[in-house]
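Quick notes on the structure that follows.
The values are calculated or read from the model by the stated rules, or taken from the named source; none is laboratory data. Predicted model only: the values in this text are computed from it and were never measured. Quick reminder, even Gly has a Cβ in these numbers, built from the backbone with ideal geometry, and neighbours come from all protein chains shown. The accessibility values were calculated without ligands, DNA or RNA, using every heavy atom of the protein model including side chains. Shrake-Rupley method; radii C 1.70, N 1.55, O 1.52, S 1.80 Å.
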Amino acid sequence: MLRTTLVRASESERLRRVVSRRGLARRTVDRFIAGERLEDGVAAARELAGRGRLVTLDHVGEHVHTQDGARAAAKTYLEVIDSIGRERLPAGVSVKPSQLGLKIAAGLCEELLDDIAGAAGRVGCHVTLDMEDRFVTEATVRLVERMQARGHDHVGCAVQAYLYRSHADVRRLSEVGASLRLCKGAYAEPAHVAHQSTADVDGSFLRCATWLLAHGTYPRMATHDDRLVGAIVEAAARLGRRREDFEFQMLYGIRPDMQEALVRDGYRLRIYVPFGAQWYAYFMRRLAERPANLLFLLRALRGRSPAPHATADHSTAAG
Ligand code: FDA
């Protein structure tokens, strides 16, 4: 219920303006977002790379309403890729299909993605399509299939364990060779398409993870859940998947303690680094994932300093 309300609030322009204006609330945002400019994202990537992390850069934004908006988003991604190449950063990019116009002009979206994939291929960086709500799941899976068919074997997407269809998608996309990011899923989806209980989502995650570790192309396990991380470590060892043949992924500013422990133990870890002015919807999804974050924000909006234990990440923000 709370999660659904927060995910819906991610579309509220009025609330976005309130959060942006309040200084303390803004600091809550900064725990999750590297900054508004490309240089902020690149600086965070550089710093994380210096500490042995891989990175994926996300220029936050979704649901563009015009073709010019889609072209502008693609142009920013080309600049991001150019920076990654120039600075030789161990980084890829994460792209939302709706940001490239999937919902308003599917053909243009594919064309722009083809340009991005071409540029990324030239500098050797991976492109992951973020998985958005259920209205674009099939279209996103098809985009990956088409990119693979055009020889862009470095293009994959996220798969959301909460969807009933995900195990089939994992097999379908692995068949074309795509490297996939497995996550629980961050949107508020109804019972006719998605598991509703934590136990069912975790069960689906583990089934998909085990299948990917046994058969998939370089699986990308995106979770901060201790229990799932432990189960993945155990399954990888049991199935003979070497540490360099898969990676963990975590979000900027979340569980730096766990991030540090994985890197120390020799696992590959990629940090998802969001930057850009359109941070609001991304931020609200992070609030929806953890009620303590909401408490933190509400106190900040009332102008009171939050209690230290109510921070987003248990200690200091990563990056
Ligand atoms: P869970 O929510 O159970 O959290 C486990 C623990 O992690 C919590 O107890 C808490 O300590 C910490 N934690 C988790 N979220 C937190 C938060 N917001 N603030 C503070 N602490 C938090 N989703 C999607 O639908 N499409 C996508 O493309 C992606 N892409 C993506 C990339 C990467 C790299 C990650 C890590 C995640 C995504 N997600 C996503 C989000 C994902 O679906 C999911 O909503 C979150 O990762 C939270 O789920 P966990 O697996 O971390 O477990």
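Values for this structure:
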{"read-out": "Whole-Hz couplings from phi, Karplus 6.51/-1.76/1.60, listed for the range 230-245; x for Gly and Pro", "value": "x, 5, 5, 4, 5, 5, 4, 5, 5, 8, x, 7, 6, 4, 7, 9"}
{"read-out": "Taking only Cα atoms of the range 18-120, radius of gyration then Dmax in Å", "value": "14.9, 42"}
{"read-out": "Rounded percent of accessible protein surface that carbon and sulfur make up, the chain, 1.4 Å probe", "value": "52 percent"}
{"read-out": "Antiparallel bridge percentage (DSSP; both residues within the chain; nearest 5)", "value": "5 percent"}
{"read-out": "Cα shape, the chain, gyration tensor, a/c 1.5 rule", "value": "rounded"}
{"read-out": "Integer Hz, Karplus 6.51/-1.76/1.60 couplings in order for the range 83-94, x for Gly and Pro", "value": "5, 4, x, 4, 8, 6, 7, x, 9, x, 10, 10"}
{"read-out": "Amide H contacts under 5 Å for T56, placed H, 5+ residues apart", "value": "G92, I271, Y272, V273"}
{"read-out": "Heavy-atom accessible area per residue - the chain, 1.4 Å, Å²", "value": "43 Å²"}
{"read-out": "GNM top mover of M258, M250, M221 - the chain, alpha-carbon springs below 10 Å", "value": "M258"}
{"read-out": "Student exercise, the range 2-301 dipole from Lys, Arg, Asp, Glu Cβ charges, in Debye to nearest 20", "value": "700 debye"}
{"read-out": "Alpha-carbon centroids, the range 59-83 and the range 93-148: separation in whole Å", "value": "11 Å"}
{"read-out": "Backbone HN-Hα couplings from phi across the range 253-269 [Karplus 6.51/-1.76/1.60, Hz, Gly and Pro as x]", "value": "x, 10, 6, x, 4, 6, 4, 4, 4, 5, 5, 4, 7, x, 8, 7, 10"}
{"read-out": "In nm, spacing of pseudo-spin labels at H215 and L298 (7 Å Cα→C-beta vector)", "value": "4.6 nm"}
{"read-out": "Cut-off of 10 Å, at most 14 other beta carbons, DSSP loop: longest stretch of the chain lacking such trypsin sites (Lys or Arg not before Pro)", "value": "151-241"}
{"read-out": "Whole-number percent relative contact order across the chain, with pairs defined as alpha carbons under 8 Å at least 6 apart", "value": "25 percent"}
